[in-house]
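Have a look at the structure below before the remarks.
The values are calculated or read from the model by the stated rules, or taken from the named source; none is laboratory data. A quick note: this is a predicted structure, and the numbers were derived from the prediction, not measured. Here the Cβ positions follow ideal geometry from the backbone for every residue, glycine too, while neighbour counts run over all protein chains shown.
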Ligand code: 5AD
Ligand code: SF4
């Protein structure tokens with residue numbers, strides 16, 4: 001049975017005129033059912049379907065949450081649109097660095113004139129930023145037109161809040177400071193038909209001293225492996241061939257479950273799901289990436305040849321202050337082990353420059369690790385103090401000009417190394433999943449290799465979602481131009 005049919009069957013069994021059901025899953029269905037009638041009536045009055053737009057900031061977890069938000073909106077009767085000039089707009093926010101906050105406030109500011117034009121328009125804001133009290137207060141004071149505010153822990157109550165906002169025309173704000181619940185099987189509208197993220201766990205218990213995630217996403221909670229496998233099977237049945245297992249710290253998966261299993265075991269099980277051709281995961285923590293996991297990746301060709309391994313800093317002194325629980329040499333040894341065991345693997349990383357107390361010698365250490373590990377790619381971030389984290393209170397915050405000098409040096413090393421690594425693949429034929437039409441170059445499509453590299457090749461929309469042998473011809477640093485290799 002398709003997931004849509006299953007949903008309709010479950011919804012039909014709920015008494016929409018009766019009282020609110022007590023279990024969370026049925027309760028959300030109950031409100032979706034009630035919204036259907038209300039949104040259909042409003043659409044009829046307007047003489048057109050009401051539209052809804054989701055604006056997403058931040059990581060893959062947020063992207064997945066937005067697929068759930070839009071899934072609920074569609075099932076409630078809204079027509080999805082990319083345009084913010086919609087009847088309902090929801091901002092799903094990120095607060096990992098200050099520039100994410102600033103971007104959200106900028107977008108929110110611009111929406112106010114749309115709301116003046118369309119007085120029936122409703123605006124909502126949710127996600128990590130809303131777990132910070134100061135941000136909620138700022139939204140209520142500076143953007144009083146916002147109708148609905150909620151956080152990360154109560155996202156599964158979205159349908160209920162949406163109903164309250166439309167039924168009563170009142171403003172709703174509800175933020176929880178924690179949850180221990182995982183509500184399964186709510187509707188999802190996937191952005192891509194052929195690939196999907198799957199949450200395997202929520203929250204983080206690591207408390208790296210710069211990071212706000214443990215405060216806004218709460219304590220680690222793992223999903224039951226049977227639920228995860230069932231979701232994989234349903235996705236495969238719906239035509240998905242590539243999945244990405246998502247968690248802030250996937251190596252901790254399984255702790256606290258009734259029958260604890262490790263992430264390596266879960267990955268192995270997921271590889272067995274028929275129809276799934278590629279499995280990715282994001283993000284492991286270097287401190288507890290096990291040899292078992294390396295072995296599972298090595299022995300399962302379905303697991304993508306890509307490990308994203310956040311370094312953050314190459315200096316032992318800074319790593320300690322960051323509360324990362326590994327040293328420079330331990331990190332290098334781990335990366336070498338991964339390269340040794342898994343030929344063709346790409347290792348990518350995250351690096352922060354400008355952590356409190358960081359000196360030019362510390363940056364030298366980071367540059368040294370980049371050169372020795374030869375990362376295939378890296379995201380480099382300028383340290384951003386986050387309120388409430390230990391690092392924000394540390395003395396010796398680094399002046400901006402010193403940070404910039406270090407940042408430029410790190411970025412240059414990353415780019416040089418990435419180019420050298422990419423160039424090694426020139427001339428090879430590798431399997432690429434055709435993901436989308438190339439927006440810059442007409443007549444081209446964009447493929448992703450197992451190692452996460454992008455190759456642009458001539459092709460049309462009929463290829464999207466297929467796997468093709470692609471020849472890597474012209475290296476452009478982080479990506480290639482090439483051709484689909486015709487069968488002989
Ligand atoms: N400042 C800068 N970068 C940060 N990250 C997390 N917190 C901060 C911060 N306060 C980066 C880390 C992490 C990535 C997702 O974001 O590198 O791996
Ligand atoms: Fe933040 Fe560290 Fe947890 Fe990653 S592992 S989410 S950097 S606290």
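Below, the figures for the structure above:
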read-out	value
Test: residue in segment 139-147 that is part of a loop (DSSP other than H, G, I, E, B), modelled with pLDDT of 95 or more and closer than 27 Å to residue 184 by Cα	yes
Residue in segment 386-402 that is nearest to ligand 1 (Cβ to nearest atom), counting only those that are within 15 Å of residue 214 (Cα to Cα) and crowded, with 17+ Cβ neighbours inside 10 Å	386
Condition met for residue 381 (crowded, with 16+ Cβ neighbours inside 10 Å and part of a helix (DSSP H, G or I))	no
Sole residue being away from ligand 2 (no atom under 16 Å from the Cβ), touching a strand residue (DSSP E or B) at 6+ places or on another chain (Cβ under 8 Å) and at pLDDT 95 or above, chosen from 332, 351, 382, 338	338
Top-ranked residue in segment 258-297 [being part of a strand (DSSP E or B) and closer than 20 Å to residue 203 by Cα; ranked as farthest from the chain's Cα centre (by Cα)]	280
Selected residue [within 14 Å of ligand 1 (Cβ to nearest atom) and either in contact (Cβ under 8 Å) with a residue 12 or more places away in the chain or over 18 Å from residue 206 (Cβ atoms) (or both)] from 332, 338, 351, 342	351
Among the candidates 320, 371, residue that is within 16 Å of ligand 2 (Cβ to nearest atom), in a helix (DSSP H, G or I) and at pLDDT 95 or above	320
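One line per residue, one yes/no per condition, for (1) assigned to a loop (DSSP other than H, G, I, E, B); (2) more than 16 Å from ligand 1 (Cβ to nearest atom):
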{"residue": "162", "(1), (2)": "no, yes"}
{"residue": "173", "(1), (2)": "no, yes"}
{"residue": "179", "(1), (2)": "yes, yes"}
{"residue": "186", "(1), (2)": "yes, yes"}
{"residue": "197", "(1), (2)": "no, no"}
{"residue": "207", "(1), (2)": "yes, no"}
{"residue": "210", "(1), (2)": "yes, no"}
{"residue": "219", "(1), (2)": "yes, yes"}
{"residue": "226", "(1), (2)": "no, yes"}
